[in-house]
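The values are calculated or read from the model by the stated rules, or taken from the named source; none is laboratory data. A quick note: this is a predicted structure, and the numbers were derived from the prediction, not measured. FYI the Cβ positions are ideal-geometry reconstructions off the backbone, even for glycines, and counts take in every protein chain you see.
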Amino acid sequence: MKKFFANLKGDAFGGITAGIVALPLALAFGVSSGLGPSAGLYGAIFISFFAAFFGGTPTQISGPTAPMTAVSMVVIAGIIATHDGDVTKALPYILTVFLLAGLVQVGLGVLGFGKYIKYIPYPVVSGFMTAIGVIILVTQILPSIGYYPKEDTEYVSQFKPQAEELILQNILKEEAGEGILVLEDFKETIKRAGELKPEDIAKESKTLAKTEASGVLGTLKILPRAIQNINWLELALALATIFIVYGFKRITTKIPSALVALVVVSGVAYGFNLGYRPIEEIPSGLPMPNFEIITGFSLKSITPYIFTAITLALLGAIDSLLTSVVADNMTKTKHNPNKELIGQGIGNSIASIFGGIPGAGATIRTVVNINAGGRTKLSGMIAGVMLLFILLALGPVASKIPAAVLAGILLTVGIGVMDYKGLKAIPALPKDMKIGPVKVSSEVLIMLVVLVLSSMWDLIYAVGIGLVIASLLFMKKIGDLTAQRSDVKPLKEEAWSDEIGFPSNLAEEVFIKHIKGPLFFGSTSEFQQLAKQIPSTAKTVVIRLGRMQYMDQSGLYAMEDVLVDLRKQNIDVLFVNLLKQPRYMMERIGIIPDLVEKEHIFKDFNSCLQWVKTNVKDQF
């Protein structure tokens, strides 16, 4: 217990700061998901607290994130559509999917699957993250200009014939379920149809209109009509929000600019009584559990969504463990991936029972926590308590926030979540395969396939297809190059024959690293430990690359990270026998000569040894 409170001041400040940063994003993600701002806030409260308490990354701040919200949005829209557009009817099924996702995460952690997340190739992650940005950007255009398809009477009326057809189908299904033979008792069908009210048809039409205009393709279809019906006040509020989010960062980064934008723009809109559209009302008081997801549970009702729950769980696992790596790099610690999955699963499970949307480890909030002094799991728990306090004290006030303000914040989130590092590398990556007469880069192909399919079709299937393509292409490359598996061993290993005569007086200053086999997405984790294996006495590291026939984009960035770490320690790096393909990759993104000068690349070990004897002095 004493250790738990060892950094109380730093954890308190870090948790409070991270909680404040999380507030506008939690509200915005809740609105974007389709369940309302309260769902985002509930998710942030429970996931932050319980994922921190049970998790394996002490400084991690968890809550709704852009990737998890984007997938949740698709899940929620699909389930609501199958329940006649009634959120109340659909809610137990939606929350059951979220509960299953949390339980799957717990299972993954218990079974020790955390260590396998690293095998997902960089282009798949890059394409997915950029797609998340595209989805958020495009889908927030309509609320940012104040256009809501289901409120456009003329547009909704176009769906009246489809609504009537769908209602009739539902009547026939009901009769079939009751054992009524329609052709023998058609009068019953006519009777039930006659009991329908115009409001029922109008409601179904609105649901169809909203569904048709949802997602990236739906938004693009309706965009011309939306532009003709811009609400200039809503647009002004959204633009003002975006301006403050980016502009305030130039003044100071100590105060979260999204929070400043939320307070300033909302305050002006409310203070001047501008007649804006507010977000949905946030219920006052403590969040209450929705036990219907347990009491009304039936395997038959959730069977269609099991695969979706597994996908949500895997996405949350990837999202969280990537943030854990960032936290490790900042705090020089090592997270427990399996324990982290258990913590995230428990957090998501409890959040679902209270009506919250699922989440994961949030990179920006985690970085804010660490920079503000957070060092133990207490900081994440305090962040959750802070959000609960805001809910109880300021819930009615938060309900006055303009919807356009949250749309503006989400637009900045969409811009920020895209993987610009991967996009910038597109022209530089080598064109190593042919599609018909056209030469393309396999890495770029994978990224674009995932990006396009995720944005225009289905996030879940896109990642699966991307993984299959990446695996097939990788196996082909490795089969063509060598049958030898990747072998990255620690520094203290047997010397090669030409190293036997290495000067013993330089044993403390010079360390030799052998890389045997390709450096690819499956071997980068071990390779990245290189910088940590080197003692403080080292002044020069020789990396022997004669057996590294191939490196992919993941290996390329792993190499870059290691070289940057070594440079920070003022350690010279020498390459020996660097082969054509890896050299070409490193030259394209500037590793050579920015991190390793051409004068430090040697054709053989003997020439490297001459440089060492001339330039490295015995200091120990």
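The figures follow:
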quantity	calculated
Matching helices (runs of 4 or more DSSP H) fully within the stretch 168-247 where at least 1 residues are at negative phi and either under 27 Å from the mean Cα position of the chain (by Cα) or at pLDDT 85 or above (or both)	198-212, 215-228
Given (1) touching a residue at least 24 places away in the same chain (Cβ under 8 Å); (2) in contact with a helix residue (DSSP H, G or I) (Cβ under 6 Å, 6 or more places away or on another chain), index of the condition I426 fails	(1)
Residues being in contact with a strand residue (DSSP E or B) (Cβ under 6 Å, 6 or more places away or on another chain) and buried (at least 23 other Cβ atoms within 10 Å of the Cβ) - total across the stretch 546-562	3
Near pairs, Cβ below 8 angstrom, 6+ apart or cross-chain, from the stretch 148-164 (on the phi > 0 side of the Ramachandran plot and in the same structural domain as K210 (by TED's automatic domain parsing)) to any residue that is basic (K, R) and not in a helix (DSSP H, G or I)	none
Identity of the residue in the stretch 248-263, assigned to a helix (DSSP H, G or I) and touching a residue at least 24 places away in the same chain (Cβ under 8 Å), that ends up nearest to V397 (Cα to Cα)	L262
Candidates A398, A425, A362, filtered to the one that is surrounded by 24 or more Cβ atoms within 10 Å (Cβ to Cβ) and aliphatic (A, V, I, L, M)	A362
